[in-house]
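Okay, structure first, notes after.
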Amino acid sequence: MTASPLPVLFISHGAPLFAIEAGSTGPALTRWGEGLQRSGKGLRGVVIMSPHWMARAPAVMSNPAPATWHDFGGFPPALYELQYPAAGSPALAAEVLGLLKDAGMAAGSDPERPLDHGAWVPLMHLFPQANVPVVQLALPVDAGPAQVLAMGRALASLRSRGVLLVGSGSMTHNLREFFGGAREPAPYVLEFSRWVEAAIARGDKAALLDYRRQAPHAQRAHPSEDHFLPLFFALGAAGWGDEDAVQADYLSREVMYGILAMDSFALA
């Protein structure tokens with residue numbers, strides 16, 4: 001057991017180009033990861049949820065050597081040459097499965113699952129040496145915010161066992177506007193992102209669970225909510241909404257391409 005629980009991360013992974021166009025968010029993640037590894041807190045693995053793996057029910061990657069999957073098309077050739085050779089961890093995957101089942105969630109393992117770009121791209125910045133074992137967790141297709149929050153809660157005890165829990169998504173994700181050529185942040189992107197930040201800060205669980213009705217521009221920020229749901233995984237793992245307050249330590253509030261809010265923060 002670690003002396004104190006590890007923090008939880010929410011990372012906006014933006015577009016696949018984030019792998020080679022790091023902006024200010026990539027270096028911020030690298031600095032944070034270096035600090036965690038220097039802290040002596042006994043980091044033994046990462047469990048990460050990405051919206052680029054969706055399954056009918058909770059599923060856990062048990063592959064001991066997951067491949068780097070370039071699950072996208074039409075990008076510069078250099079992007080397809082990148083590899084992230086982190087090991088998997090069948091033992092950690094078994095722990096995850098056990099905790100999900102203890103929480104009443106039927107879950108299965110996938111021994112052949114590769115790392116999709118929602119996992120390896122942010123981890124490439126966070127732990128560039130690929131020296132931390134990785135287990136990926138699928139996002140259930142039919143899950144909403146409350147269900148994903150419960151998944152995070154089910155795994156929260158791993159934080160005291162040297163495991164970093166990560167929700168990888170995007171604070172805003174309207175790809176229909178991606179090729180608009182804007183460089184200044186769109187006003188709706190900033191308004192939505194700061195509303196979310198304020199809701200987390202005041203512990204307003206009801207408002208955030210109902211964000212599609214209460215948050216400004218929610219439908220425009222997320223035409224579908226798959227890239228927002230990993231936020232609830234991170235919040236659940238951090239115990240957000242319980243009696244104890246949760247502090248969000250922002251690593252980035254960058255906006256890329258005018259419409260992709262790269263908000264990334266640690267929760268403790």
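The values are calculated or read from the model by the stated rules, or taken from the named source; none is laboratory data. The model shown is predicted, which means the values in this text are computed figures rather than measured ones. So basically every Cβ, Gly included, is an ideal-geometry build from the backbone, and we count neighbours across all protein chains shown. Just so you know, the surface numbers come from the protein's heavy atoms only, side chains and all, with ligands and any DNA or RNA stripped out. Shrake-Rupley method; radii C 1.70, N 1.55, O 1.52, S 1.80 Å.
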- Note on the structure: Given the conditions (1) open to solvent by 10 Å² or more (accessible area, probe 1.4 Å); (2) closer than 25 Å to Gln37 by Cα; (3) not in a loop (DSSP other than H, G, I, E, B), every one holds for Leu82 apart from (3)
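With respect to Leu137, is the statement that it is over 16 Å from Val60 (Cβ atoms) and open to solvent by less than 60 Å² (accessible area, probe 1.4 Å) true?
In short, no.
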- Task: Could you please find all residues in segment 1-19 being modelled with pLDDT of 95 or more, small (Gly, Ala, Ser) and either open to solvent by 50 Å² or more (accessible area, probe 1.4 Å) or part of a helix (DSSP H, G or I) (or both)?
- Result: Ala19
- So which residues in segment 248-259 are of a type in the set (A, V, I, L, M) and under 15 Å from the mean Cα position of the chain (by Cα), if there are any at all? Ala248, Leu251
- Consider only pairs whose beta carbons are under 7 Å apart and that are at least six residues apart or on different chains; among these, list those whose first residue lies in segment 147-163 and is without any contact (Cβ under 8 Å) to a residue 40 or more places away in the chain and whose second residue is open to solvent by 10 Å² or more (accessible area, probe 1.4 Å). Gln147/Pro140
- Residue pairs qualifying under the 9 Å Cβ cut-off, at least six apart or on distinct chains, with the first in segment 59-75 being outside any loop (DSSP other than H, G, I, E, B) and the second being surrounded by 15 or more Cβ atoms within 10 Å (Cβ to Cβ) and basic (Lys, Arg), are Ala59/Arg113; Val60/Arg113; Met61/Arg113
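Let's see how each residue does on (1) over 22 Å from Phe265 (Cβ atoms); (2) touching a His at 6+ places or on another chain (Cβ under 8 Å):
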residue: Ala130; (1), (2): yes, no
residue: Leu139; (1), (2): no, no
residue: Leu155; (1), (2): no, no
residue: Leu164; (1), (2): no, no
residue: Ser168; (1), (2): no, yes
residue: Arg176; (1), (2): yes, no
residue: Ala198; (1), (2): no, no
residue: Tyr211; (1), (2): no, no
- Query: In segment 20-40, is there at least one residue being of a type outside the set (A, V, I, L, M, F, W, C), part of a loop (DSSP other than H, G, I, E, B) and at pLDDT below 95?
  - Reply: yes
- Task: Determine if segment 200-216 includes at least one residue that is touching a residue at least 60 places away in the same chain (Cβ under 8 Å), under 23 Å from Ala15 (Cα atoms) and hydrophobic (A, V, I, L, M, F, W, C).
- Result: no
- Query: Pick from segment 98-117 the residues that are part of a helix (DSSP H, G or I) and closer than 12 Å to Ala57 by Cβ: which of them is least open to solvent (accessible area, probe 1.4 Å)?
  - Reply: Leu100
- Any chance Leu165 is in contact with a Pro (Cβ under 8 Å, 6 or more places away or on another chain) and buried (at least 16 other Cβ atoms within 10 Å of the Cβ): no
